[in-house]
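Here the structure comes first, spelled out in structure tokens, and everything after it is commentary.
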Amino acid sequence: MPQVTIDGQVYDFEGGSKLLQFCLDHGLELPHFCYHPALSIPANCRQCLVEVGMPVKDRQTGELKRNEDGSPVIQFFPKLQTSCSVDLADGMVVKTHRTSDLVARAQEDNLEFLLINHPLDCPICDQAGHCPLQIQAYKYGPEGSRFEFRKVHKPKRVRLGPRVMLDAERCINCTRCTRFTDEVSKSHQLTIISRGVKNYPMTPPNTEFDEPYSMNVVDICPVGALTAVDARFKARIWEMSSTPSITTANAKGSNCFYWVRDNLVMKVTPRTNMAVNEFWLPDEDRLDYHRFNDDRPEGPQVRTDAGLVPVSWEQAYDRAAALLQGVDPARVLFLGSAYATVEDNYLLAQLAQALGAEAPRYIPHVEPGHGDGWLRTDDRTPNAQGCERLGILPVDEALVQARLADGEIAAVYVLEDDPVAAGLFTAAQLADIPVVLHHYNTTNQTLAAADVALPAATVVETIGTYVNCDGRAQRVRPAKAIRGVNRTLMMEMGKTRADQHGTPFDRWYNEAHQVDCKPGWESLPGVAERLGHAFRFKGPKQIMQQVAERVPAFAGATYEAMGLTGVQLADIGETV
């Protein structure tokens, strides 16, 4: 196998690898700005310079020339090389800043050039604390600035589009953003204008940067030149916790981080998963977080003559059970949800089976033409395939309307969906029918017809499993704390969170930001127990273990197997 020597250490490699990426893959830090593994290699930032040499061969014999100690003679290139563009070759010898004073000085000088006209915006820049330029300036840059002249000024606070803001003075012309729009999203909505120290990215004439993936340039910008309009100046990186999870604005289940401060989700950023979304995230996934913070319910409610009134969870469970006890199970319509986790839908199906009712159905939310064949799908729900693998099939709207007309539906149990907004019912049709509703937001239109309203934990407040449109089962973890004590949720939340749970003595603490809601795997057993059917699970992990064992379509989908990147399930047809 071919070998390369880096700073005196010998490594085996396979062909086709670039030197910089090889070093990064092996935990060898090399400073860089313009390089990105998913983009072309312009080698224009010059920060990843290294010394590169090759063994010298005798032209006549083809044998390696050797020093007196027997080591091969190495001839280094006369100039430093950009490691991002150098292909590995057998016998190559590389010196980085760790072993070469020349490389270390070149990196220091290069940073001095990059910082000459860079504004001193760190105190007010959203990128501060996780800015590659800031970090590398501390690690590899000069001790101070020798520049004593007026810096070049460029446009600031330029709104390139509805979601991205430009501060051109911060730009170091790495061209990551323009290469993204040319090579990945292919919108061609960004280009570099002007020349020399005065150039910066801009939209072409009469063009707005409004493509559905525009906010990805904020992530790949190595400085604070491009920022998100939605998150600008709202929170610093060291004030927030980050939780690995998935997005739920469509059926792709893109991997992400939810960033939380004061128990509010502040922003959503991509998490690399080459099997799902690679490095990217559509804008619709990033801006979906507002529903986790806004219009959240204030605890359970039951309907009285005065309307919906707050009650305790025990009272709500009692009322829900009472509504179902006096009804023929065959006349109870159970509606699962493609928004809810596999665990919650499984428990609902178990409850329906225990009562002798028909299996739950789910409401499809398909928007034809919305998908793009990449990270956006026509299906606007995250778990439709999870429902169908459990045997929860799409609801037949015509059949439901016929049963309503014939008086065959005497009660409706809705898990984390909104059948009125979806057009399955009208509020008037439900006026005389008992409705138990698990809901996320007060804007749920079915809430006006609900007799029992049970606030449900959203994807950022629960533990569970979703199956994306490609059949990949993935876990979610709690990023926010909910009101009340739930040991399972507390154990899953990161123990190094800067704002972990919070107490009334914390300066930032705001009790109103903790929603009085419960995951379905906690509230559904509360109702089932009062109906005489105890669900004896210690938590969602045990529920999913049973699903993986009993449902062939979920074989192998345990929490351990899913980990952080998920597990690919067999096609549904192969499990029948």
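The values are calculated or read from the model by the stated rules, or taken from the named source; none is laboratory data. Keep in mind that this is a model prediction, so the values were computed, not measured. Because the Cβ atoms are built from the backbone with ideal geometry, glycine has one as well, and the counts that use them run over all protein chains shown. Heads up: the accessible areas ignore ligands, DNA and RNA and are worked out on the full protein's heavy atoms, side chains in. Shrake-Rupley method; radii C 1.70, N 1.55, O 1.52, S 1.80 Å.
At a glance:
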| item | result |
| --- | --- |
| Selected residue (only one of V184, V158, V229, V218 is surrounded by 21 or more Cβ atoms within 10 Å (Cβ to Cβ), modelled with pLDDT of 95 or more and among the β-branched types (V, I, T)) | V218 |
| Test: C256 is open to solvent by less than 20 Å² (accessible area, probe 1.4 Å), touching a residue at least 24 places away in the same chain (Cβ under 8 Å) and within 18 Å of Q134 (Cβ to Cβ) | no |
| Among (1) open to solvent by less than 40 Å² (accessible area, probe 1.4 Å); (2) of a type in the set (G, A, S); (3) under 24 Å from C131 (Cβ atoms); (4) without any contact (Cβ under 8 Å) to a residue 60 or more places away in the chain, the one test that S194 misses | (1) |
| Test: residue in the range 466-485 that is in the same structural domain as G423 (by TED's automatic domain parsing), over 26 Å from E388 (Cβ atoms), modelled with pLDDT of 95 or more and surrounded by fewer than 24 Cβ atoms within 10 Å (Cβ to Cβ) | no |
| Total residues in the range 408-428, condition surrounded by fewer than 18 Cβ atoms within 10 Å (Cβ to Cβ) and over 23 Å from A321 (Cβ atoms) | 6 |
| Close pairs (6 angstrom Cβ cut-off, 6 or more residues apart or separate chains): assigned by TED's automatic domain parsing to the domain that holds D90 in the range 6-19, among the hydroxyl-bearing types (S, T, Y) and open to solvent by less than 70 Å² (accessible area, probe 1.4 Å) anywhere | D7/T96; L19/S83 |
| Residue ID - surrounded by the fewest Cβ atoms within 10 Å (Cβ to Cβ), chosen from residues in the range 324-334 that are in a loop (DSSP other than H, G, I, E, B) and either in contact (Cβ under 8 Å) with a residue 40 or more places away in the chain or touching an Asp or Glu at 6+ places or on another chain (Cβ under 6 Å) (or both) | D328 |
| Only one of N345, N441 that is modelled with pLDDT of 95 or more, in contact with a Leu (Cβ under 6 Å, 6 or more places away or on another chain) and assigned by TED's automatic domain parsing to the domain that holds L323 | N345 |
| Any pair with Cβ under 8 angstrom, 6 or more apart, that starts in the range 154-174 at a residue that is within 14 Å of N117 (Cβ to Cβ) and ends at one that is open to solvent by less than 10 Å² (accessible area, probe 1.4 Å) and aromatic (F, W, Y) | I172/F33 |
| Strands (runs of 3 or more DSSP E) contained in the range 207-285 and holding at least 1 residues within 13 Å of V164 (Cβ to Cβ) | 226-228 |
| Selection within the range 528-558 - aromatic (F, W, Y), more than 16 Å from I463 (Cα to Cα) and in a loop (DSSP other than H, G, I, E, B) | F535 |
| Criterion violated by Q325 - all others in (1) within 26 Å of V527 (Cα to Cα); (2) modelled with pLDDT of 95 or more; (3) out of contact with any helix residue (DSSP H, G or I) (no Cβ under 6 Å at 6 or more places or on another chain) satisfied | (2) |
| The range 113-139 residues that are outside the structural domain of P155 (by TED's automatic domain parsing) and open to solvent by 40 Å² or more (accessible area, probe 1.4 Å), paired with ones that are of a type in the set (K, R) and in a loop (DSSP other than H, G, I, E, B) (beta carbon under 7 Å, 6 or more apart) | G129/R236 |
| Residue list for the range 539-574, filter: in contact (Cβ under 8 Å) with a residue 40 or more places away in the chain and open to solvent by 50 Å² or more (accessible area, probe 1.4 Å) | K541, L564, T565, Q568, D571, I572 |
| Test set (1) at pLDDT below 95; (2) more than 30 Å from K538 (Cα to Cα) - R331 fails condition number | (1) |
| Residues of the range 335-363 that turn out to be closer than 23 Å to G539 by Cβ and of a type outside the set (D, E), as a count | 18 |
| Residues located in the range 165-181, provided they are open to solvent by less than 20 Å² (accessible area, probe 1.4 Å) and either basic (K, R) or outside any helix (DSSP H, G or I) (or both) | L166, D167, R170, C174, R179 |
| Only listed residue being among the polar types (S, T, N, Q) and surrounded by fewer than 20 Cβ atoms within 10 Å (Cβ to Cβ), chosen from T462, T488, T446 | T488 |
| Tally of residues being within 21 Å of the chain's Cα centre (by Cα) and assigned to a loop (DSSP other than H, G, I, E, B) across the range 559-576 | 5 |
| Selection count, the range 41-96, where residues are among the charged types (D, E, K, R), surrounded by 15 or more Cβ atoms within 10 Å (Cβ to Cβ) and either within 39 Å of the chain's Cα centre (by Cα) or not assigned by TED's automatic domain parsing to the domain that holds C23 (or both) | 3 |
